[in-house]
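All remarks here apply to the structure that follows.
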Amino acid sequence: MNNHTDALTKQVFTFVSELYAYGVREVVISPGSRSTPLAIAIEAHPKLKSWIHPDERSAAFFAMGLMKGSEKPVAILGTSGSAAANYTPAITESNLSHLPLVVLTSDRPHELRGIGAPQAINQTNMFANYVQYQFDFPIAEKDDTADLMENTIKFQLQKASQFLYGPHRGPIHLNLPFREPLTPNIEKVEWLTSDTKLLPHYQKTTSLNEISRLMKKRKGLIIVGDMQHQDVDQILTFSTIHDMPILADPLSQLRREHHPNVITTYDLLLRSGLTLEVDFIIRVGKPVISKKLNQWLKVTEAFQILVQNNDSPDAFPITPNVSYEMSANDFFRQLSELPTIERKQWLEKWQTLEKHAIVEIKDYLRTATDESAYVGNVLDKLTEDDAIFVSNSMPIRDVDNLFIDCEAEVFANRGANGIDGVTSTALGMAVHKKITLLIGDLAFYHDMNGLLMSKLNDIQLNIVLLNNDGGGIFSYLPQKNEAEAYFERLFGTPTGLNFEHTALLYDFTFDRFDTIEAFKYADLSQFGSHIYEIITHREENKQQHLKLYKKLSDIINVTL
């Protein structure tokens, strides 16, 4: 290379070509000066789709939504300095959710590091606790090292690609320092390629002979959490052949199948006093939402088997007796040849409890006026063509309890279980799916900046906003009674915000409801973006939930 610009151009054009080769199709760019070379290379690539988002924190969560919707790795690009640090919340969520977020941070050249230069922080290994792979690239030089730079890019992307697919999947961080001038030569389009490379394929088989003896016991349970887009047909086939009940988390997507062996009301039943005696448990996928079920898993003496398709199993709430790193379909396919034993009575007890509980839940919802009544009605409005993205805290717990007949897909950020970036993640998913966002007022406030992507890119999203003016979930915790004098200020955290102004700011249409009767007759918009604000009251929500638990406890007269 005979000049700096050519060396820089070759570097960034090769880099984005390699990103494409390993399956990246979308990049979310937060504008800045130091990221100029990569931003222009991404824009110039004929097959990469770019999104522009000025808020790095929301941008990274928007990218997470793109990943959940497309099931492909997505890259984010930002400038140097504190901008890069704003990616941290989404990186931690991606790490815990095993999502292949490709974090691209542009940086000052090495001679400007550590001397007080503007927008120069230590970006080397800055996400070390949360990424699967990281590399700090050298500077593009205008001498005979250009070929070495090209080889470095190809080698590092090849190494990093193992974390974009399969059981090792997770975020990676690539730091790229650039020296001025920063503008590449956009005439060199021949250096941009759209080749694809053979993606890594992982397959691990493990002998299942050691658990064959367990299958001779009658009281077995299958508990399925978030499957992260894995096929589930073999779970249902195995359950049918062996008469095994499946306690299915809503994020497993198994409830949509309406299979007779799928149990949906277990959390409410456990809250209402159900006790369990079980011989063995097959846990599949990520940990479930239900706090009560996790508490029981932690203390039961039943033999526990964990099946997860990643190399760092999520042992929570307790380390299993044995763990298998393989897909659920591979696991249950190998078990399918085991002899069957009589479990019909065991299964029928679960099915009977499920039917009675559903009757009580539906009866409750006919007269309830709390948040759960609205959540139940939202689920009734959704079809099999819809997907619902659910915020953490109370919304996801209400969906866990009330997702019975709904056929929509359910998604949530259940890696770190936080309220950060929920709106941005939902908007990213809305690029690929028809999304309704169910969210509380504090989580909505926390990521209002993210709504800009809807306005700038005409991304359609329905938002059902449950506004109880504060943190409703804290009303169920001991702090409500044990620290009552401090509760409202420290935990209730009322904001008194008028979210109609938010709708005006970001070009959403808006409706406010304070009665369930009015909301029942409201249709979710099929076009455009709309906010449905629902006014509820924290103490009323708590008391009506307790009333439901009491109703269910009256039907539990058997120990399973």
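The values are calculated or read from the model by the stated rules, or taken from the named source; none is laboratory data. Just so it is clear, the structure is predicted and the values come from calculations on it, not from any experiment. Cβ atoms come from the backbone with ideal geometry, glycine included; neighbour counts cover every protein chain shown. All accessible areas refer to the heavy atoms of the entire protein, side chains included, with ligands and DNA or RNA removed. Shrake-Rupley method; radii C 1.70, N 1.55, O 1.52, S 1.80 Å.
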Against the conditions (1) open to solvent by less than 10 Å² (accessible area, probe 1.4 Å); (2) over 23 Å from the mean Cα position of the chain (by Cα), where does Pro250 fall short? Just the number, please.
(2)
Scan the range 228-241 and give yes if some residue there is at pLDDT 95 or above, open to solvent by less than 70 Å² (accessible area, probe 1.4 Å) and under 23 Å from the mean Cα position of the chain (by Cα), otherwise no.
yes
Between Asn185, Asn175, which is at pLDDT 90 or above, within 30 Å of Asn417 (Cβ to Cβ) and either among the polar types (S, T, N, Q) or in a loop (DSSP other than H, G, I, E, B) (or both)?
Asn175
Residues satisfying the stated conditions in the range 209-262, i.e. touching a residue at least 40 places away in the same chain (Cβ under 8 Å) and of a type in the set (Val, Ile, Thr)
Ile211, Ile222, Ile223, Val224, Val232, Ile235, Thr237, Ile241
When only residues in the range 328-354 that are within 30 Å of the chain's Cα centre (by Cα) and among the charged types (D, E, K, R) count, which is nearest to Leu379 (Cα to Cα)?
Glu354
Could you pull out the residue among Phe510, Phe487 that is over 25 Å from Thr367 (Cα atoms), outside any loop (DSSP other than H, G, I, E, B) and modelled with pLDDT under 85?
Phe487
For a quick check of your reading: which helices (runs of 4 or more DSSP H) sit entirely within the range 432-482 and have at least 3 residues that are open to solvent by less than 10 Å² (accessible area, probe 1.4 Å) and in contact (Cβ under 8 Å) with a residue 12 or more places away in the chain?
441-446
Pick from Ala416, Ala426: which is aliphatic (A, V, I, L, M) and touching a strand residue (DSSP E or B) at 6+ places or on another chain (Cβ under 9 Å)?
Ala426
Pairs needed: first member in the range 317-339, in contact (Cβ under 8 Å) with a residue 60 or more places away in the chain; second member anywhere, open to solvent by 40 Å² or more (accessible area, probe 1.4 Å) and hydrophobic (A, V, I, L, M, F, W, C); C-beta distance under 9 Å; at least 6 residues apart or different chains.
Val322/Phe303; Ser336/Ile241
Taking the range 98-119 and keeping residues open to solvent by 10 Å² or more (accessible area, probe 1.4 Å) and among the polar types (S, T, N, Q) leaves Gln119
Would the range 209-216 turn up any residue that is touching an Asp or Glu at 6+ places or on another chain (Cβ under 8 Å), open to solvent by less than 70 Å² (accessible area, probe 1.4 Å) and part of a loop (DSSP other than H, G, I, E, B)?
no
With the range 1-91 as the region, which strands (runs of 3 or more DSSP E) entirely inside it contain at least 1 residues that are free of Cβ contacts under 8 Å to residues at least 40 places away in the same chain and open to solvent by 10 Å² or more (accessible area, probe 1.4 Å)?
49-52
Only one of (1) farther than 16 Å from Leu176 by Cα; (2) assigned to a loop (DSSP other than H, G, I, E, B) fails for Glu141. Which number is that?
(1)
Quick one: which residue in Gly428, Gly415 is part of a loop (DSSP other than H, G, I, E, B) and under 14 Å from the mean Cα position of the chain (by Cα)?
Gly415
Restricted to the range 521-542, and to residues that are assigned to a helix (DSSP H, G or I) and out of contact with any Lys or Arg (no Cβ under 9 Å at 6 or more places or on another chain), which residue is least open to solvent (accessible area, probe 1.4 Å)?
Asn541
Please identify the pairs in which a residue from the range 164-176 that is under 26 Å from Gly32 (Cα atoms) and in contact (Cβ under 8 Å) with a residue 40 or more places away in the chain has its Cβ atom under 6 Å from the Cβ atom of a residue that is hydroxyl-bearing (Ser, Thr, Tyr) and assigned to a strand (DSSP E or B), counting only partners at least 6 apart or on another chain.
Ile172/Tyr133; Asn175/Thr105; Leu176/Ser106
It is to be established whether one or more residues within the range 110-122 are among the polar types (S, T, N, Q), within 26 Å of the chain's Cα centre (by Cα) and at pLDDT 90 or above.
no
